[in-house]
Amino acid sequence: MKNFFVFITFCLFTIISKSQCPVPTGLFTTDITPNNALANWNPVNIADHYKIRYRIYGTNSWLFLGNIGTSDSTRNIPMLQQATTYEWEIMAYCDSTNQNGSSWSANDTFTTTNFVPAQFNPIITNTLTSLECNTISELQVRIAQGDNEPDIGTG
């Protein structure tokens, strides 16, 4: 009976004394666009890697970004919907086995912006290979557009 008590005490002490990886803190979001946002956090000194989960605020389904390196303290959250509020959290792992992970951090929220196209103002340039009368000349027309303008389509 004495050996059994010592074994239980040892197992209980081992479970209690096993340290968990610290939870990342200092979450904030920058560079928010209609489709992406940059997640930022304070790095955990002993972390091996991180995992982020994010979702549309108030929904149940999480999306995950994993295998974030220990030297990173930012990660782009891609393929978001415009004018939508999201929440995200992060977890640190202190070993490569994904066994010694922290709890999920407190969440951070952000709202993506609306995409506002620029006014359509195409740039049209033309070039003639010759300005001489009664000679064959090629006419080249180039149509270009600036960033965030609606697509030209076909010309």
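The values are calculated or read from the model by the stated rules, or taken from the named source; none is laboratory data. These figures come from a predicted structure and were not determined experimentally. Note: ideal-geometry Cβ built from the backbone for every residue, glycine included; neighbour counts use all protein chains shown. Each accessible area value is taken on the protein alone, full model and side chains, heavy atoms only, with ligands, DNA and RNA left out. Shrake-Rupley method; radii C 1.70, N 1.55, O 1.52, S 1.80 Å.
Remark: pairs (first residue in region 94-121, over 30 Å from GLN145 (Cα atoms) and modelled with pLDDT of 85 or more; second residue among the acidic types (Asp, Glu) and part of a loop (DSSP other than H, G, I, E, B); Cβ separation under 8 Å; 6+ apart in sequence or on different chains) = CYS94/ASP48; ASP95/ASP48; SER96/ASP48.
Taking the residues in region 112-124 that are open to solvent by less than 70 Å² (accessible area, probe 1.4 Å) and β-branched (Val, Ile, Thr) as candidates, determine which candidate is farthest from the chain's Cα centre (by Cα).
Within region 112-124, the subset open to solvent by less than 70 Å² (accessible area, probe 1.4 Å) is 112-113, 117-118, 122.
Filter again for β-branched (Val, Ile, Thr), leaving 112-113.
On the way: THR112: 12, THR113: 15 Å.
My answer is THR113.
Screening CYS94 with (1) closer than 27 Å to HIS49 by Cα; (2) under 15 Å from the mean Cα position of the chain (by Cα); (3) open to solvent by 20 Å² or more (accessible area, probe 1.4 Å) gives one miss only, at (2).
Residues in region 125-147 that are open to solvent by 100 Å² or more (accessible area, probe 1.4 Å) and either among the hydroxyl-bearing types (Ser, Thr, Tyr) or under 30 Å from ALA83 (Cα atoms) (or both): ASP147 only. Considered as a group, the residues in region 97-111 that are over 12 Å from LYS51 (Cβ atoms) and of a type in the set (A, V, I, L, M, F, W, C) include one that is most open to solvent (accessible area, probe 1.4 Å), and that residue is ALA106. So in region 53-71, with the set limited to residues that are surrounded by 14 or more Cβ atoms within 10 Å (Cβ to Cβ), out of contact with any Ser or Thr (no Cβ under 7 Å at 6 or more places or on another chain) and not aromatic (Phe, Trp, Tyr), which one is nearest to PRO22 (Cα to Cα)? It comes out as THR70. Would a scan of region 51-69 turn up a residue that is touching a residue at least 40 places away in the same chain (Cβ under 8 Å), under 22 Å from THR112 (Cβ atoms) and of a type in the set (A, V, I, L, M, F, W, C)? Within region 51-69 (the criterion being touching a residue at least 40 places away in the same chain (Cβ under 8 Å), under 22 Å from THR112 (Cβ atoms) and of a type in the set (A, V, I, L, M, F, W, C)), the answer is no, since none of the residues qualifies. The listed residues are THR74, THR30, and the only one of them that is more than 27 Å from GLN99 (Cβ to Cβ), modelled with pLDDT of 95 or more and touching a strand residue (DSSP E or B) at 6+ places or on another chain (Cβ under 8 Å) turns out to be THR30.
Criterion first (of a type outside the set (D, E, K, R), modelled with pLDDT of 95 or more, crowded, with 16+ Cβ neighbours inside 10 Å and more than 16 Å from VAL23 (Cβ to Cβ)) does TYR50 satisfy it? So TYR50 does not fit the description; no.
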